[in-house]
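The values are calculated or read from the model by the stated rules, or taken from the named source; none is laboratory data. Keep in mind that this is a model prediction, so the values were computed, not measured. Reconstructed Cβ throughout: ideal geometry from the backbone, glycine too, with neighbour counts over all protein chains shown.
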Amino acid sequence: MAKDLEVQQRLAISRVPIRKQDPTERRLNWDEVFLGFDAETARVEAMRCLHCPTAPCQEACPVGNDIPGALSLLEAGDIHGAADRFRETSNLPELCGRLCPQERLCEGECVVAFAIRPDSHQEPPVSIGKLEAFVTDYQRANGGIPLPVVPEPTGNRVAVVGAGPAGLAVAEELAKLGHSCAIYDAWPEPGGVLLYGIPNFKLSKTVLQDKIRYMEQLGVTFIGNTWVGKDVTVDQLFEQGFDAVFVGTGASLGGKLAVEGEQLRGIYSATEFLVRGNLRPDQLPDHMREPLTVGENVVVIGGGDTSMDCVRTAVRLGAKQVSCVYRRTEAEMQGRTEERQHAREEGVVFRFLTIPLRFVGDDDGNVSGVECQQMELGEPDESGRRRPVPVPHSDFVIPAETVAIAIGYNADPIIKDAAPGVATNRWNLVEVDRETHMTTRPGVFAGGDNVNGADLVVTALADGRRAAMAIHEYLESLLPKHLR
């Protein structure tokens, strides 16, 4: 009975409103949209957790965060303890709290959202992601991330290819076990998609910079401007004395439409548009350092979270009319509802059931418009979503001085040359043992989007953590260096 009463008391607590910048203000700056909790409001929100014995929220988390345990500590006022609990299973809780689609993961399974209160009112789920970000941000600002006690160096060296979520997780976990790790990345600075794919208004770069400094304190070294496959091969890494290699290069090749006019000036891949719009020139390769200018009209093609990043970046770059072109309806969009809501609030126009036919250019070779066709939904395709079919005689042109193409990402086929003996499939994804993340070449491991295809930060993180433990076991199985 006492337990039932406690549950009813918790269900009676309404969700704490999540503060964020007003759209008219935030469209003029690059600061994070969400302003976050303070200690008291975070504690109240944590009190809404029912501490379910089966913890469906934890089961839904790809890294298995002990969410009820962390929220119990927060409720008791132990913010640092709550942060430490998240860090037990996640290398990037500050980032996952901001970037994970919690509505499909932990919050999507939160029992609070399904419970009916005595007044027959239903409340949204506990704001797990925002609480995860709050406690870990609080810890960083009040003493920093605690450094673990690292054992004596093992003498083993691991090369990590790719400084994104999977690579960062692998290197951190191995460094904690005493192994020496060097992370190579093609971009000038570490972070991978976290730096070169996520706009500032979703993730303040100081959060990532703090993480990189923490890893440097662990002894991890970062080597930028090094494209494995062009500048160095996996064979050469082994020749340099590395005992194992982890390949976490992600899925970095943006999809192309393959329509007339795609070569016109002013048409960008989503990645180039985002990095040139969000980062300083010194953070970019030489060929991307020219400042990005947009005209009054920007068109973004695609319907996922990357397309929302592009339209909202275009707004902040000063475009007067920003349009998102998507071939299906909003119901078929696979990105976050929250991101579309933010885009609408910031003035973005959505053109659903619309497909680009060709790009129109001016006499100087610059894009001036996107010729489109109206669509309607037909029978479901192999994805289960209704296939868009053209509406005859429905062509029209959307004016555009700038276009960003955000229609998905693929793995880079260069891995075939970079790592001889590592098998890939027809999509250029690396084939691994799903338990150990070992590839078909002994000593070479892989994980993240170059294994799974374009996916979430947290799934790449989970791959990295599993791979690190397998690499550790592999290194332990090797003969001591002086006997090899």
Would you confirm whether or not the stretch 148-156 contains a residue that is out of contact with any helix residue (DSSP H, G or I) (no Cβ under 7 Å at 6 or more places or on another chain) and surrounded by 24 or more Cβ atoms within 10 Å (Cβ to Cβ)? no
Picking from 336, 289, 327, which residue would you name as being closer than 30 Å to residue 461 by Cβ and of a type in the set (Lys, Arg)? 336
Single residue of the stretch 32-59 satisfying the filter (free of Cβ contacts under 8 Å to residues at least 40 places away in the same chain and touching a Lys or Arg at 6+ places or on another chain (Cβ under 8 Å)) that is surrounded by the fewest Cβ atoms within 10 Å (Cβ to Cβ): 35
Within the set of pairs 6 or more residues apart or between chains, which connect a residue that is free of Cβ contacts under 8 Å to residues at least 60 places away in the same chain inside the stretch 17-31 to a residue that is part of a loop (DSSP other than H, G, I, E, B) and hydrophobic (A, V, I, L, M, F, W, C) with Cβ atoms less than 9 Å apart? 19/35; 19/37; 20/33; 20/35; 21/33; 21/35; 21/201
Given the residues 401, 376, 371, which is the only one that is farther than 29 Å from residue 265 by Cα and touching a residue at least 12 places away in the same chain (Cβ under 8 Å)? 376
Does residue 319 meet the test of being under 22 Å from the mean Cα position of the chain (by Cα), within 12 Å of residue 300 (Cβ to Cβ) and small (Gly, Ala, Ser)? no
Check 313, 329 and return the single one that is under 30 Å from residue 22 (Cβ atoms) and touching a residue at least 60 places away in the same chain (Cβ under 8 Å). 313
List the number of the failed condition for residue 375; all other conditions in (1) within 28 Å of residue 236 (Cβ to Cβ); (2) touching a strand residue (DSSP E or B) at 6+ places or on another chain (Cβ under 8 Å) hold. (1)
Please find, within the stretch 294-327, the residue that is nearest to residue 352 (Cα to Cα) out of those that are of a type in the set (A, V, I, L, M) and assigned to a strand (DSSP E or B). 325
Unmet criterion (only one of (1) surrounded by 17 or more Cβ atoms within 10 Å (Cβ to Cβ); (2) more than 30 Å from residue 19 (Cα to Cα)) for residue 363: (1)
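Okay, residues lined up against (1) at pLDDT below 95; (2) in contact with a Ser or Thr (Cβ under 8 Å, 6 or more places away or on another chain); (3) of a type in the set (A, V, I, L, M); (4) not assigned by TED's automatic domain parsing to the domain that holds residue 105:
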| position | (1), (2), (3), (4) |
| --- | --- |
| 320 | no, no, no, yes |
| 331 | yes, no, yes, yes |
| 340 | no, no, no, yes |
| 346 | no, no, no, yes |
| 357 | no, no, yes, yes |
| 364 | no, no, no, yes |
| 379 | yes, no, no, yes |
| 386 | yes, no, no, yes |
Looking at 119, 185, can you tell me which residue is over 21 Å from the mean Cα position of the chain (by Cα) and not small (Gly, Ala, Ser)? 119
Residue identified as in contact with a Pro (Cβ under 8 Å, 6 or more places away or on another chain) and either closer than 26 Å to residue 457 by Cα or surrounded by 20 or more Cβ atoms within 10 Å (Cβ to Cβ) (or both) among 228, 259, 234, 220: 234
Going by the structure shown, is residue 128 at pLDDT 95 or above, assigned by TED's automatic domain parsing to the domain that holds residue 467 and either among the aromatic types (Phe, Trp, Tyr) or in contact with a helix residue (DSSP H, G or I) (Cβ under 9 Å, 6 or more places away or on another chain) (or both)? no
Within the stretch 40-151, considering only helices (runs of 4 or more DSSP H) that don't extend past its boundaries, which have at least 1 residues that are among the basic types (Lys, Arg)? 79-87, 93-99, 128-141
Filtering the stretch 335-350 down to residues that are within 18 Å of the chain's Cα centre (by Cα) and touching a residue at least 40 places away in the same chain (Cβ under 8 Å) yields 336, 337, 338, 342
Looking at the stretch 101-117, can you tell me whether even one residue there is over 21 Å from residue 205 (Cα atoms), among the small types (Gly, Ala, Ser) and without any contact (Cβ under 8 Å) to a residue 40 or more places away in the chain? yes
Please work out if residue 178 is at positive phi, in contact (Cβ under 8 Å) with a residue 24 or more places away in the chain, assigned to a loop (DSSP other than H, G, I, E, B) and touching a Ser or Thr at 6+ places or on another chain (Cβ under 8 Å). yes
Within the stretch 268-304, the residues that are buried (at least 19 other Cβ atoms within 10 Å of the Cβ), touching a helix residue (DSSP H, G or I) at 6+ places or on another chain (Cβ under 8 Å) and among the polar types (S, T, N, Q) are 271, 278
Restricting attention to helices (runs of 4 or more DSSP H) lying wholly within the stretch 188-288, give those where 2 or more residues are more than 26 Å from residue 419 (Cα to Cα) and either free of Cβ contacts under 8 Å to residues at least 60 places away in the same chain or of a type outside the set (Asp, Glu) (or both). 205-217, 270-278
Can you find even one residue in the stretch 52-63 that is among the aliphatic types (A, V, I, L, M), within 27 Å of residue 166 (Cβ to Cβ) and in contact with a strand residue (DSSP E or B) (Cβ under 6 Å, 6 or more places away or on another chain)? no
